[in-house]
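Since the structure comes first, as structure tokens, the remarks are kept for the end.
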Amino acid sequence: MINTEGMVADTAAKIYTDLCGRDVPHKAEAGEYPQALWDALSQNGLPLAWTGEANGGFGADYDEVFGAIWASAQAASPVPFAETLIANWMLDRAGLAPADGSASFALSGHTPSADIPFGMHADKIVLFDEAHQEISLFDNREGVRSPEQALSPDGMTQFIFSGHLAEHSAKTELSRRAVEALILTVRAVQMAAAMEMALNLSIEYVSQREQFGRPLSKFQAIQHQLAVAASECAAATMAATQAASSIARHKDDPEKAWHEAVIAKVQIGHSIEAVTVPFHQVHGAMGYTQEYDLHHYTRRLWAWRDALGNEHHWSKLLGAELAAVSPDQIWKGVTTGKWAAS
């Protein structure tokens with residue numbers, strides 16, 4: 001299970017409990033950004049949890065920070081907490097100072113632009129430039145923000161890097177696979193947490209809603225749907241936990257955690273397909289309303305599933321790589337976490 005205990009995780013959970021009630025995600029979608037929530041996270045130093053002490057952070061244990069990310073996803077947090085953690089981690093690994101304010105991230109691709117999660121709210125953008133092996137910090141407030149259509153309530157913005165000068169740049173020893181490993185693991189933790197919340201909402205609803213004089217939870221068809229969903233949620237949590245543990249073990253060389261991160265992304269991507277339909281089905285018409293909380297989780301699940309490539313994308317990459325090694329090497333990777341290609 002994801003570690004939800006310790007100073008960082010406990011502090012984050014308290015902040016989200018106090019300042020991210022069920023009305024906050026609804027208000028955020030209506031245009032009311034929860035600045036008080038972000039200020040509380042920032043004042044407690046949580047966006048710097050993965051930044052080293054020498055760089056102004058406090059270098060918290062990876063496991064504990066994943067617990068804070070879990071809390072943010074369960075609260076359907078409409079602020080870029082996880083994104084800022086990742087961005088500051090990238091800056092720290094390049095020896096650069098953390099972002100002043102909130103931040104998001106991008107990985108270089110075939111075009112000079114990228115879709116940025118929380119791009120309408122993040123103050124800074126951190127770019128991993130694979131071709132030049134550099135990490136650069138851009139001021140998002142100076143760019144032209146172009147909102148993109150996105151499933152997630154958090155939104156997406158396209159940022160065009162050509163024509164913009166970076167505030168700071170530095171060479172990094174991080175590989176693309178190392179950065180991918182952290183991002184995929186963070187998304188896996190978020191997806192597993194959101195999936196659990198959607199399951200809890202579904203169980204609560206069918207336990208209270210009655211039809212033909214008895215709760216929906218007493219109908220065998222409903223029980224079957226939620227039993228399947230619960231098993232998928234358990235598998236997702238275990239996959240996310242395995243990936244998070246691998247990142248913690250390989251914090252000095254996160255590329256070695258790439259396989260577990262990819263496996264978690266693939267497993268949870270398939271789980272999302274299996275659970276979101278029954279979650280909405282058991283709620284009936286209520287599950288499709290704007291006022292009810294369910295869509296804050298299912299829409300984020302669909303968006304996070306596609307972020308940085310969906311399960312089909314990563315299945316192809318992983319399959320092509322493992323096809324080139326012997327079966328005993330694959331089994332060793334599955335059972336010990338020591339992959340031949342790492």
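The values are calculated or read from the model by the stated rules, or taken from the named source; none is laboratory data. Since the model is a prediction, treat every value here as computed from it, not as a measurement. Note that we place each Cβ from the backbone using ideal geometry, even for glycine, and neighbour counts take in every protein chain shown. Ligands, DNA and RNA are stripped out before the accessible areas are found, and what is left, the full protein with its side chains, is counted by its heavy atoms. Shrake-Rupley method; radii C 1.70, N 1.55, O 1.52, S 1.80 Å.
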Looking at the stretch 42-53, which of its residues are in a loop (DSSP other than H, G, I, E, B) and open to solvent by 60 Å² or more (accessible area, probe 1.4 Å)?
-> 44
Qualifying position, being of a type outside the set (A, V, I, L, M, F, W, C), in contact (Cβ under 8 Å) with a residue 12 or more places away in the chain and either touching a Pro at 6+ places or on another chain (Cβ under 6 Å) or within 23 Å of residue 175 (Cα to Cα) (or both), among 232, 255 = 255
Filter result for the condition that a residue is closer than 23 Å to residue 183 by Cα, assigned to a helix (DSSP H, G or I) and open to solvent by 30 Å² or more (accessible area, probe 1.4 Å), over 39, 63 = 63
Check on residue 248, in contact with a Ser or Thr (Cβ under 6 Å, 6 or more places away or on another chain) and either within 30 Å of residue 179 (Cβ to Cβ) or among the β-branched types (Val, Ile, Thr) (or both) = no
If only one of 239, 188, 235, 244 is surrounded by fewer than 19 Cβ atoms within 10 Å (Cβ to Cβ) and either on the phi < 0 side of the Ramachandran plot or out of contact with any strand residue (DSSP E or B) (no Cβ under 9 Å at 6 or more places or on another chain) (or both), which one is it?
-> 235
Within the stretch 195-211, which residues are under 29 Å from residue 317 (Cβ atoms) and surrounded by fewer than 24 Cβ atoms within 10 Å (Cβ to Cβ)?
-> 196
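Rundown of residues vs (1) within 15 Å of the chain's Cα centre (by Cα); (2) at positive phi; (3) open to solvent by 10 Å² or more (accessible area, probe 1.4 Å), yes/no style:
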position: 270; (1), (2), (3): no, no, yes
position: 276; (1), (2), (3): no, no, no
position: 281; (1), (2), (3): no, no, yes
position: 292; (1), (2), (3): no, no, yes
position: 302; (1), (2), (3): yes, no, yes
Inside the stretch 244-261, the number of residues satisfying the requirement of being part of a helix (DSSP H, G or I) and among the acidic types (Asp, Glu) is 2
Do we find a residue being over 25 Å from residue 295 (Cβ atoms) and either exposed (fewer than 15 other Cβ atoms within 10 Å of the Cβ) or in contact with a strand residue (DSSP E or B) (Cβ under 6 Å, 6 or more places away or on another chain) (or both) anywhere in the stretch 2-11?
-> yes
Could you tell me which residue of the stretch 130-166 is surrounded by the most Cβ atoms within 10 Å (Cβ to Cβ), considering only residues that are charged (D, E, K, R) and at pLDDT below 90?
-> 154
Cβ-Cβ under 6 Å pairs, at least 6 apart or on other chains, the stretch 5-19 side farther than 14 Å from residue 44 by Cα, far side open to solvent by less than 90 Å² (accessible area, probe 1.4 Å) and of a type outside the set (Phe, Trp, Tyr) = 6/64
